[in-house]
Amino acid sequence: MVTTVLIGLIFGAAILINPLANLSYSKDELNNILQNTSVIEKWTAKGYSVDIFRQQAVGMMAETTVILVSPAWFTLLLTSFLLLPAATAASLPADRSFGVAELLHSTPISGGSYLAGKILGVGLMVALIGLIPLGLFFGVLEWAFLDAFRVGVPVDVISFFVKFALMDGLPVLGWGLTIGILAGSVFRSRLAAVFPGLVAGILSIFFWLAALSVPSVQLDAATYFLLQNYHSAALDIMDKATGSTPPPLFGAEAPIIGIGRVIMMYLVIAVTLFILAGLARLWLKWKENF
């Protein structure tokens with residue numbers, strides 16, 4: 001589905017545009033430090049190798065890339081809820097237009113099974129296609145680190161973005177495609193279902209921000225939790241060497257949330273979608289006896 005690839009590319013670009021723009025600066029800064037013999041001798045006398053400067057540069061770029069998820073997150077929410085519901089709203093009306101619905105009515109499949117199968121089928125397709133922009137994102141990031149620092153992307157960065165994709169990317173995409181399918185379930189024409197799908201997506205933006213976001217921060221609980229608990233391994237080594245304590249990613253006054261808040265977010269999503277799916281099921285039973 002082109003929509004999924006487009007969402008991933010826009011979100012990935014929103015994160016990478018700043019690190020890539022400053023890539024040459026980071027590269028030159030590291031080279032200048034490595035050519036400063038007095039600084040090298042000072043750290044060598046303390047028992048540290050030259051590699052510690054490379055680790056610091058890698059850690060700073062890694063942390064910068066991760067932090068940029070915060071301002072880019074709303075881009076993910078906006079594109080997912082504006083594009084996906086409008087794209088998937090025509091899913092059920094398309095079955096009616098092409099005669100698939102009438103064929104299914106003659107089988108033992110229930111309306112509930114049909115609705116669940118449609119959501120799971122589209123969801124699996126979106127998840128698999130989403131691997132394309134995710135792979136491109138990691139490919140560009142790997143190139144940037146190799147070009148600037150001659151090392152690959154740190155494991156902590158890869159781990160963060162994989163967890164982000166699973167804990168927040170999938171729920172956002174899953175909500176967007178599901179709400180579109182459910183909104184389109186009451187229409188027989190594919191064209192007529194597109195606008196209601198778009199409206200459902202717009203309403204979903206307000207719901208997500210009002211019900212699932214962390215107070216005073218334009219992030220939902222899952223993304224905030226991941227960012228709050230991210231630590232650059234390279235910068236941790238540098239902090240240990242200098243005896244300094246790294247400041248919290250969101251500042252000392254920022255609220256701290258636990259995994260329980262994230263689980264509550266998933267429960268709210270599940271219950272809300274279950275209720276909406278139940279209403280769509282009742283509509284199919286009432287209008288189509290299916």
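A short reminder: the numbers here are calculations on the coordinates, not readings from a lab. Keep in mind it's a predicted model, so treat the numbers as computed, not measured. Positions of Cβ are backbone-derived with ideal geometry, glycine not excepted, and every protein chain shown enters the neighbour counts.
General observations
- Relative packing of peptides 255-264, 166-175, 218-227 - highest average C-beta neighbours within 10 Å first: 218-227, 166-175, 255-264
- Here the contact order of the range 2-288, divided by its residue count and restricted to Cα pairs under 8 Å and six or more residues apart, works out to 28 percent.
- About the Cα centre, charge dipole magnitude for the range 2-288 (Lys/Arg +1, Asp/Glu -1 at Cβ), debye: 840
- The chymotrypsin sites (Phe, Trp or Tyr not before Pro) of the range 52-137 that DSSP puts in a loop, and whose beta carbon has at most 12 other beta carbons within 10 Å, are Phe98.
- The trypsin sites (Lys or Arg not before Pro) of the range 137-224 that DSSP puts in a loop, and whose beta carbon has at most 15 other beta carbons within 10 Å, are Arg150, Arg188.
- Karplus-derived HN-Hα couplings along the range 147-164 (A = 6.51, B = -1.76, C = 1.60, θ = phi - 60°), whole Hz, x at Gly and Pro: 5, 8, 10, 6, 9, x, 5, x, 4, 5, 6, 4, 4, 4, 6, 5, 5, 5
- Val2 versus Val151: modelled label distance in nm, points set 7 Å from Cα along the beta carbon direction: 4.2
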